[in-house]
1. Among what's in the stretch 53-73 and is touching a residue at least 40 places away in the same chain (Cβ under 8 Å) and polar (S, T, N, Q), pick the residue that is nearest to Val91 (Cα to Cα).
2. The conditions are (1) in contact with a Ser or Thr (Cβ under 9 Å, 6 or more places away or on another chain); (2) outside any loop (DSSP other than H, G, I, E, B), and Thr144 fails exactly one of them. Which is it?
3. Which of the residues that make up the stretch 132-183 are among the β-branched types (Val, Ile, Thr) and over 17 Å from Ile109 (Cα atoms)?
4. Would you be able to tell me the number of residues in the stretch 139-172 that are of a type outside the set (D, E, K, R), under 19 Å from Val234 (Cβ atoms) and over 13 Å from the mean Cα position of the chain (by Cα)?
5. Within the stretch 93-108, can you find the residues that are modelled with pLDDT under 95 and either more than 12 Å from Glu150 (Cβ to Cβ) or out of contact with any Phe, Trp or Tyr (no Cβ under 7 Å at 6 or more places or on another chain) (or both)?
6. So, in the stretch 219-251, exactly how many residues are small (Gly, Ala, Ser), over 30 Å from Glu172 (Cα atoms) and loosely packed, with under 15 Cβ neighbours inside 10 Å?
7. Quickly run through the stretch 59-96 and pick out the residues that are more than 27 Å from Gln152 (Cα to Cα), among the charged types (D, E, K, R) and crowded, with 16+ Cβ neighbours inside 10 Å.
8. Every residue in the stretch 16-38 that is touching a strand residue (DSSP E or B) at 6+ places or on another chain (Cβ under 7 Å) and within 14 Å of Ser4 (Cβ to Cβ), please.
Amino acid sequence: MNESFQDKVVVISGGTSGLGLTTAKLFLEAGAIAIVAARSRKRFIANLGQPTSHLMFIETDFNDMKSVKSLYEVIADKYKTIDIGINNVGVMDRGPFTEFKEKDFDSSININFKSVWLCMQYQIKMMQKDALSQKYIINVASSTALGGTEFQSLYCSAKAGVVALTKCVAREFAQSNITTNVIIPGPHATPMILNAIKNESTTDSHEAEIIENKILESIPMGRLGQPEEFAKTVLWLCTGENKFISGHTFIMDGGMSSRYR
């Protein structure tokens, strides 16, 4: 694994927390050059340390497409090409459907969908500069994209768009050396899920425990996924062990949605 990723250039959006953070750490351990794009430099330093020759942070607001453009201008100035793009950024919006405002819609679509579309455009253009080498794009959606969830209409819709977009791009570039896949994680032990449980409950810790148990009951395996399980799947998809996999939807939810698909 270390030899496979030695000095490979990997761009990871949302890589300072949760699944993205664990993925960034594994790529670093495997010898890759990890470029982490996120909003908080403070959180980057707290979780990954100071930048090094193999670790770079670029402050990026994925609600602002000018910021996304600037991200890839900085990368292009430093690197001729990139080898792997991990589009993991996501913000979960929650609220009654009729109470969402247009600005809420725009923000959710920008962060959860439009930024992925724009990142992929820049990634592919850079990857094509080294057309003889195998390249990989991994998009991260959500199990809520498979069937929808009440009070998450914007987030679910945006993530469903990511799934469709991934398939379209995979077909369009099927005869290139770029494979494009999407991972759909169910509930994992990440700050996003833990915060969602906290926000659903009052200050009563017993209520939070009831909500968590309700989530666990919906997962046949009876547990939350571990970020390391997700990250290892990402790395495996980028090893080149099977270049015939493209346009695939990898559902990692402990069997939660198996009854309905």
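The values are calculated or read from the model by the stated rules, or taken from the named source; none is laboratory data. Because the structure is predicted, anything quoted here is derived from the model rather than measured. Here the Cβ is made from the backbone with ideal geometry for all residues, glycine too, and neighbour counts use every protein chain on show.
1. Asn63
2. The failed condition is (1).
3. Scanning the stretch 132-183 gives Ile137, Ile138, Val169, Ile178, Thr179, Thr180, Val182, Ile183.
4. Residues meeting the conditions: 4.
5. Residue satisfying the conditions is Asp93 alone.
6. Result for the stretch 219-251: 1.
7. Within the stretch 59-96, Asp83 is the sole residue that qualifies.
8. Phe27, Leu28, Ala32, Ile33 - these are the residues of the stretch 16-38 that are touching a strand residue (DSSP E or B) at 6+ places or on another chain (Cβ under 7 Å) and within 14 Å of Ser4 (Cβ to Cβ).
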